[in-house]
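For reference, the structure discussed in these notes is given below.
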Amino acid sequence: MSERSLRVRAFLDQQFLVVVVALVLLAGLGGWVTYTTHVDPGTTTEERPGPSWRTAAWFNHSATVTADNPVYPEGTTLRDRSIYFTEVTPVLTGEYVFTYEASESGDLDGTVSLKLIQRGIEEGQENTTVVWQTSKDLETASAESLAPGERMRVPFELDMNATANRTEQITERLGNPPGETQVLVRAVVDLQGSVNNQQVEDVRNYTLAVGLQGGTYRPTEMGSMTDRYESTQTVRVDRTYGPLRSFGGPALLLGSLVALGGLAYVRSQDRIELTPAERERLAFEDDRNDFDEWISEIQLPADAFDLPRAEAQSLSALVDFAIDTDNGVVEDPDEEAYYVVHDGYLYTYRPPAEPDGDQSGEESDATEAPEE
């Protein structure tokens, strides 16, 4: 049996109750972790995406060719162009479109008012100054019980020759103020109702800018103008745990119970308490480790074994004697035997054999010097 096994048994023999209590506590901890992880993990709250909805709006526009020209036949309709010619296509025909989408449900009443805004602005480094502005109503339309996906369309027409002339007249009457002029079609949308079972009361603006330059007018490409509305909701969910707790709890419980069972079994078989021989052997191992610096491995000459002998009861007693007499302790390189030669005597110590080993605890004559 190895020295480590002896020390483990000695510790368990001395601290048996402490070890049992510790294993019971570990089993209780493993049981609690297992129960709270797999049986009743409890709950916690999480923020999750709630109902959402979004609005979408855009302007369509076109112009019909009304004057003879070398490029487009009369009556041709030009649609969603980035540039139109004032003399050839003098009337801008447009349409404002509004719709919305909801993740659950919706029922909206909407009113759309279109206005024509003419103004002069001056761009600064940090802001824009409106120098002058005038507006007039174009069209107004309403819709009731607008469902998600349905579209509200509001048409309009602008005589761009008349609009350009009025813009020039205003700037002339104001003395040609600095800055640039703008023509805007602004849609004011007033919404009321409910979306995803939430009340909605909202007013929003969408604008189509039309630039005037050298006999042309240029609607600004706006694309689809969208606004998105997100919400979150707090939900209660079962707690989840990582693999360390998920597997560690059962492993701790099982390991503690197995250790308790094994400990009880070996205790019942009287396999923990050390025998006197094992205790003596363990005491020797302690002395051997403690006094290693006083021991040298040397082969004594044969005539040393002819000296009268004195037996020490322990390795520590032999080492103490060697220290007192200013000698060293010699360890036989061929067997476990320790000697001190002093004043014509051979002082010896033979450790007990290792339990279950081949050595015997009884003194042997094997160390006697061979006869010549």
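The values are calculated or read from the model by the stated rules, or taken from the named source; none is laboratory data. Please read all numbers here as calculations on a predicted model, not as lab measurements. Quick reminder, even Gly has a Cβ in these numbers, built from the backbone with ideal geometry, and neighbours come from all protein chains shown. Accessible surface is based on the protein model in full, side chains and every heavy atom, while ligands, DNA and RNA are left aside. Shrake-Rupley method; radii C 1.70, N 1.55, O 1.52, S 1.80 Å.
If you go through segment 1-23, how many residues are open to solvent by less than 80 Å² (accessible area, probe 1.4 Å) and either acidic (Asp, Glu) or part of a helix (DSSP H, G or I) (or both)?
14
Among the residues of segment 293-303, is any within 60 Å of the chain's Cα centre (by Cα), open to solvent by 80 Å² or more (accessible area, probe 1.4 Å) and within 18 Å of Arg7 (Cα to Cα)?
No, every residue in segment 293-303 fails to be within 60 Å of the chain's Cα centre (by Cα), open to solvent by 80 Å² or more (accessible area, probe 1.4 Å) and within 18 Å of Arg7 (Cα to Cα).
Can you tell me which residue within segment 116-127, out of those that are of a type outside the set (Asp, Glu) and open to solvent by 70 Å² or more (accessible area, probe 1.4 Å), is farthest from Asn196 (Cα to Cα)?
Gln125
Considering only segment 187-274, give the strands (runs of 3 or more DSSP E) lying wholly within it that have at least 1 residues that are in contact (Cβ under 8 Å) with a residue 40 or more places away in the chain and within 30 Å of Thr37 (Cβ to Cβ).
232-238
Inspect all residues belonging to segment 146-154 and state whether any of them is at positive phi and not in a strand (DSSP E or B).
Yes, segment 146-154 contains a residue that is at positive phi and not in a strand (DSSP E or B).
Name the residues in segment 275-311 that are more than 28 Å from Gln14 (Cα to Cα) and hydrophobic (A, V, I, L, M, F, W, C), would you? Before you say what the answer is, go through the steps one by one.
Within segment 275-311, the subset more than 28 Å from Gln14 (Cα to Cα) is 293-311.
Listed by number, the residues that qualify are Trp294, Ile295, Ile298, Leu300, Ala302, Ala304, Phe305, Leu307, Ala310.
Out of (1) open to solvent by 50 Å² or more (accessible area, probe 1.4 Å); (2) closer than 24 Å to Gly94 by Cβ, what's the single condition that is false for Arg173?
The one condition Arg173 does not meet is (2).
Failed condition for Ser113, given (1) open to solvent by less than 50 Å² (accessible area, probe 1.4 Å); (2) at pLDDT below 95; (3) not aromatic (Phe, Trp, Tyr), with all others met?
(2)
For segment 309-357, name all the residues that are among the basic types (Lys, Arg) and buried (at least 18 other Cβ atoms within 10 Å of the Cβ). Don't jump to the end; show me each part of the working.
Restricting attention to segment 309-357, the residues satisfying the condition of being among the basic types (Lys, Arg) are 309, 350.
Across segment 309-357, the qualifying residue is only Arg350.
Would you check which residues across segment 120-134 are in contact with a strand residue (DSSP E or B) (Cβ under 9 Å, 6 or more places away or on another chain), more than 16 Å from Gln169 (Cβ to Cβ) and of a type outside the set (A, V, I, L, M, F, W, C) and list them?
Scanning segment 120-134 gives Glu122, Glu123, Thr128, Thr129.
Going through segment 255-292 one residue at a time, which ones are closer than 30 Å to Arg350 by Cβ, open to solvent by 80 Å² or more (accessible area, probe 1.4 Å) and of a type in the set (A, V, I, L, M, F, W, C)?
Within segment 255-292, no residue meets the criteria.
Only residues that are among the polar types (S, T, N, Q), closer than 20 Å to Thr163 by Cα and in contact with a strand residue (DSSP E or B) (Cβ under 8 Å, 6 or more places away or on another chain): list them for segment 179-237, please.
Across segment 179-237, the qualifying residues are Thr181, Gln182, Thr207, Thr216, Thr220.
Give me the strands (runs of 3 or more DSSP E) completely within segment 42-132, filtered to those with at least 3 residues that are of a type outside the set (Val, Ile, Thr) and touching a Gly at 6+ places or on another chain (Cβ under 9 Å), ordered by residue number.
53-64, 91-102, 106-123
Taking the stated definitions as given, is Glu126 of a type in the set (Asp, Glu), more than 29 Å from Tyr217 (Cβ to Cβ) and at pLDDT below 90?
yes
Under the condition of being of a type in the set (Phe, Trp, Tyr) and modelled with pLDDT of 85 or more, which residue from segment 11-69 is farthest from Thr216 (Cα to Cα)?
Trp32
List, please: which pairs have Cβ atoms under 9 Å, are six or more places apart or on different chains, and start with a residue in segment 21-34 that is more than 9 Å from Ser256 (Cα to Cα) and end with one that is aliphatic (A, V, I, L, M) and outside any helix (DSSP H, G or I)?
Here the result reads none, with nothing in segment 21-34 linked to a residue that is aliphatic (A, V, I, L, M) and outside any helix (DSSP H, G or I).
Quick test for you: out of Val189, Val195, Val210, Val154, pick the one residue that is closer than 19 Å to Ile83 by Cβ and open to solvent by less than 100 Å² (accessible area, probe 1.4 Å).
The conditions single out Val210.
Can you name the residue in segment 215-253 that is of a type in the set (Lys, Arg) and closer than 30 Å to Arg151 by Cα and is also most open to solvent (accessible area, probe 1.4 Å) among such residues? Break it down into steps so the answer makes sense when it comes.
Our first condition is that a residue be of a type in the set (Lys, Arg); within segment 215-253, this holds for 218, 228, 236, 239, 245.
From the residues that got through so far, the ones that are closer than 30 Å to Arg151 by Cα too are 218, 228.
Values: Arg218: 103, Arg228: 147 Å².
Here the answer is Arg228.
When both residues are 6+ apart or on different chains and their Cβ atoms are under 6 Å apart, which pairs have a first residue that lies in segment 104-124 and is β-branched (Val, Ile, Thr), and a second that is open to solvent by less than 10 Å² (accessible area, probe 1.4 Å)?
Val112/Val154; Val112/Ala187; Val112/Val189; Ile117/Leu184
Given the condition among the β-branched types (Val, Ile, Thr) and not in a strand (DSSP E or B), answer yes or no: does some residue in segment 156-166 qualify?
Yes; the residues of segment 156-166 include at least one that is among the β-branched types (Val, Ile, Thr) and not in a strand (DSSP E or B).
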